[in-house]
1. Is it the case, given these coordinates, that Phe116 is more than 12 Å from the chain's Cα centre (by Cα) and of a type in the set (Phe, Trp, Tyr)?
2. What are the residue pairs meeting all of these: first residue in the range 188-216, first residue among the charged types (D, E, K, R), second residue within 16 Å of ligand 1 (Cβ to nearest atom) and part of a loop (DSSP other than H, G, I, E, B), Cβ atoms under 6 Å, and 6 or more apart or on different chains?
3. Would you check which residues across the range 49-82 are within 13 Å of ligand 2 (Cβ to nearest atom), under 16 Å from Ala215 (Cβ atoms) and polar (S, T, N, Q) and list them?
4. May I ask you to verify whether Arg165 is surrounded by 20 or more Cβ atoms within 10 Å (Cβ to Cβ), farther than 20 Å from Ala258 by Cβ and at pLDDT 95 or above?
5. Tell me which helices (runs of 4 or more DSSP H) are completely within the range 148-246 and hold 3 or more residues being under 14 Å from Asn130 (Cα atoms), or say none if there are none.
6. If Ala178 meets every condition in (1) over 19 Å from Val225 (Cβ atoms); (2) touching a residue at least 24 places away in the same chain (Cβ under 8 Å); (3) more than 16 Å from ligand 1 (Cβ to nearest atom) apart from one, which number is that one?
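The values are calculated or read from the model by the stated rules, or taken from the named source; none is laboratory data. In this text, all values refer to a predicted model and were calculated from it rather than measured experimentally. Cβ atoms come from the backbone with ideal geometry, glycine included; neighbour counts cover every protein chain shown.
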Amino acid sequence: MNPPTAAYTAAMDEMSPEPLTSNDGPIVVAAWDLYKVYLTAGHEVPALAGVDLEVPAGSFFGIMGASGSGKSTLLYLIGGLTKPTRGLIQVEGHDLAQMSDRARTLFRRRRMGIIFQEYNLLPTLTARENVALPILLEGKSVNACRTRVDNMLDTVHLRERADHRPDALSGGEQQRVAIARALLNDPAIVLADEPTGNLDSKQSAEIWALLREIAHEQKKTILMVTHEAQGAAYTDRVVVLKDGRVVGSFEPKGTADAALVATGYQELAG
Ligand SMILES: Nc1ncnc2c1ncn2[C@@H]1O[C@H](COP(=O)(O)OP(=O)(O)O)[C@@H](O)[C@H]1O
Ligand SMILES: [Mg+2]
């Protein structure tokens, strides 16, 4: 795919843009020649150095790489949480870097769900209220959308825990609340940055299996950053980053075969 011209991008953002497509169907995220250089205390720290990426719709897509390889930076750029130094990213055809702060915030709230290693739940709210938070932020009441919230709790297999506060839930259950919250607005894409970083191996495996189930059964695009071969083994396709560059990709196709992924990863990044 050639990068679109600036005039084309501007025109697309004016209209509701046509989604990009590839041989694998619609593309949700596309990035061309992405660079990110951080400036700290007069030093330039290159985090990304020319990344091209295409994330097909409805896939469970992984990004692997060692610590410091640029995984979080790539996710933050896709989420519009920071801007590229050079290059272009589009989410559903929109260039977030060109949007006003308000438009970008609204786009993120309505079209993206973001999950971090920390669950970021409000301790005084129940699981159901935490899931409803995006709706509360829009000024609506929980009761107005109770069915939708409870459907999301069903999706993450947590309906029976709806009235529990975070301190009465395990880490894995708290992350499932965060996943339900991320899905509430029916986003185009869910971004997950090391979502199992605080979990033991059993709870981690449950979260990976759940994310795979959501991607496939609910036809959701999920982009997960991980440094664990076991987690990557649940994804359809993994892109490997090294020193801010894509060094290759492979397709675990959800086989959950961690040994195979570890070998593939070592060949690319080792
Ligand atoms: N806000 C920041 N300011 C300065 N340097 C940063 C910042 N965020 C990340 N970096 C640097 O950019 C590189 C990539 O970081 P990061 O994207 O967090 O990698 P990963 O998520 O793969 O561990 C690292 O060298 C890191 O130290
Ligand atoms: Mg990171």
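1. When the stated conditions are applied, Phe116 does not pass them.
2. Going by the 6 Å Cβ cut-off, the qualifying pairs are Asp193/Phe116; Glu194/Gln117.
3. none
4. Here the answer is no, as Arg165 does not meet what is asked.
5. 171-183
6. (1)
Yes/no matrix, rows are residues, columns are (1) over 29 Å from Leu48 (Cβ atoms); (2) modelled with pLDDT under 95; (3) buried (at least 18 other Cβ atoms within 10 Å of the Cβ):
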{"residue": "Leu169", "(1), (2), (3)": "yes, no, yes"}
{"residue": "Gln218", "(1), (2), (3)": "yes, yes, no"}
{"residue": "Leu223", "(1), (2), (3)": "no, no, yes"}
{"residue": "Leu241", "(1), (2), (3)": "no, no, yes"}
